[in-house]
Each structure stands twice: as C-alpha cells, then as structure tokens.
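Right, one structure below, let's go through it.
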Amino acid sequence: MAHDIQIVTEAELRRLVSLDLSTVDVIERAFLALAQGRVAMPPILSMVMAEAHGEVDVKTAYVSGMEGFAIKVSPGFFGNPALGLPSLNGLMILFSAKTGLVQSLYLDNGYLTDIRTAAAGAVAARYLAPAKVETAGVIGTGVQARLQMQAAHLVRPFQRVLVHGRDHEKAQRCADDLASLLGIVAEAVVDPAALVRDAQLVVTTTPARAPVLRAEWLHPGLHITAMGSDQSGKTEIDPRALLAADAYVCDRVSQCEVSGELEAALAAGIWDRGTPPELGEVIAGHKQGRRSEADITICDLTGTGVQDTAIATHVHAMHPTAGTVLRA
C-alpha cells in the first residue's frame, strides 16, 4: 500500500529548526530516557575508508513512547575541500515506531547533527558548569566551536569568550563571529593554557589525536566539555585530567570507552575509578555531578543515536507537513 514520505532539504530545515532552549530541552529529555532504561541503542556502526580519506558513522535509537525512530548516516570525506566540496554531509531517516514505514527523509547535510550536538553541550553545561560563568573558552574554530558557545550561552550567559585554534586567523574570525552573534566581548588567544586559566567553562571541538588541554591547566571552578573525540584514536583531553577532576561524566560509557576521552585513559592503564556516571544519570539525580562551585568537572560527549531520534521526531512533530511529499 502506498504511503506518503516527507522530504525536507537542508535549506528548509534551517528555516524550521534553530538552536534554542526548546531544542536543548528535547536533547535533555533524550539523555533522561537513557538513564530511565527506555532506550534501545545499538553500538555505533563506524567505517573508515583510508584510500578516500573518509569515514562514515551510522547511529540510531528507539525510545519507548516516541512515535518514531531515526537512523542517521554521517559521512566525512576530508579531502573534499580540495575539490570544492564540504567535508561533512549526511541525512536522517525517520521511521514510524508503530509500522516501521518511512515517515520523513531529512536531507540535512549534517545540520540536524550540528544542532543536536550543540544542544548536548548546553545540557552538559546546565548540569555540570558552575552557576556563575563570566568567561567561557573554546578550543577549535569550526562550526561546532561557534555553535557550542551559542549553546552554552543559552544556559550560562557569560560576558566574555576566548577562542584558540592552531590557525590564529581562523580563531580571530571565530571570535569576531561570536562577538556579533552573542553581543559579548570575544578574543582570539594564542596560548590555550591562558584560555583555560581565565575561563570557568571550556569546550574542546577539535579532531585532535593528541591532547589539546593539559591536566596541569585545571583549576577549581572549571567545567570542560570535550566533544571532538568521536572515533577511536581521537583524544582532546590529557588522560590525567580525568583523574584530577572531581567528576568525569560520559554521554554513554560504552561509547566513551572506545571512541571518547576514556579510551586513552584506559589504554594508558591509569583509569581506576570504575564505571563513570552518565549525563542522563546526573540529570535524573541517580549520580552526582558538580557538588560545589569549586569542583572541576569534565563531560565527554561522543554523540548518541538517541539524540538523533530525539531531534528527528521533534522536527516531525513540529513541522509534519514541511518539505515535499513523495507517494511511495
């Protein structure tokens, strides 16, 4: 029997969905559902294509009570810029959780992933950052650097942001963009240690395979969100920092063990604290995160399939008739 499939392009999605507190709340509820045991979420399907300098991740999750579930395909081909093409693209497919039929095809080229990833950073800041943040910092200069600072500003409205990147000109452009977007003071800094020293909230947004943030830079009252490590071998945070923190929290422990900051600490044989708490458990009150304003906290975000299902079902619920309808 034929049925209708909604097809929505990136341009249309950019008009329909933005990074705001309602989106942050959607992602927070997704993490809470994980903690409540209402989610079936298989391991990430990840494949590297070395000859093409490419990789692809496939993520999905089913949440009990949600009307749909999403499968997200996220390719990254890092030689594309030399061809005049973007490195990242992808799409999300939303299925009915009642019939399994395709409901929507979101040709977002990674836009929904960018939004849900930034929203997860806001959730981490909401539950783990100190109550008062005057200065925030970001290490990295790409799309997520900008979005993570926008997201953090929603829940911890700071007055100053510092930006560090390997390319200082790119860091300056990022700072200029953030100053315009947020209406605050923004500075590009050469020394990442100085950035961490002066900030109460720091986000790392790099594809680094060696630490860009050292353990000796930590100070009381600091929160760090690390979101760049999403493949085995990537690491942004000195593994010793995880032990120096008062609380180290994962989005999903099983993922952080193989593709997050925890992977490096386990490989070095220095992790001795057992199973870390997950962000959903902190939200639910099952595990403790920040206990005082002087605590040092770290949140490790590897990106979960439940975030993809949450953002896709949210878009469909808010805009069920958007885009083009295909009779299949």
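Bear in mind that the values in this text are calculations on the coordinates, not laboratory data. Being a predicted model, the structure only gives us computed values, none of them experimental. When we count neighbours, we look across all protein chains shown, and the Cβ atoms used for this are built from the backbone with ideal geometry, even at glycine.
When restricted to Cα atoms, region 121-304 yields an Rg and a Dmax of 14.9, 45 Å, respectively.
Quick one: if the Förster radius is 41 Å, what FRET efficiency do Phe78 and Ala2 give, using the C-beta to C-beta distance and rounding to 0.05? Can you show the working numbers first?
Details: r = 40 Å, r/R0 = 0.98.
After rounding to 0.05, the efficiency reads 0.55.
From its DSSP helices (H runs of at least four residues, each -39,500 (n - 2.57)), the chain gives a residue-normalised ellipticity at 222 nm of -10500 deg cm²/dmol. Note that the chain, at 4 °C in a medium of 1.567 mPa s, gets a Stokes-Einstein diffusion coefficient of 65 µm²/s from its Kirkwood radius over C-alpha pairs. Remark: relative contact order (region 1-72) = 20 percent; criterion is Cα-Cα distance under 8 angstrom and separation of 6 or more residues.
Antiparallel as a % of all DSSP beta bridges within the chain, to the nearest 5? Mind dumping the intermediate values first?
Details: 30 of 61 bridges.
Of the beta bridges lying entirely in the chain, close to 50 percent run antiparallel.
Here Val203, Val26 are placed in order of increasing Cβ neighbour count within 10 Å, fewest first, which gives Val26, Val203. Using the Cβ-Cβ distance between Ser87 and Asp191 with R0 set to 25 Å, the FRET efficiency from 1/(1 + (r/R0)^6) comes to roughly 0.35.
Between Glu10 and Glu134, the contour length at 0.36 nm per residue exceeds the Cα-Cα span by 41.2 nm. Of the residues Leu94, Leu101, the one with the fewest other Cβ atoms within 10 Å heads the list, and the complete ranking is Leu101, Leu94.
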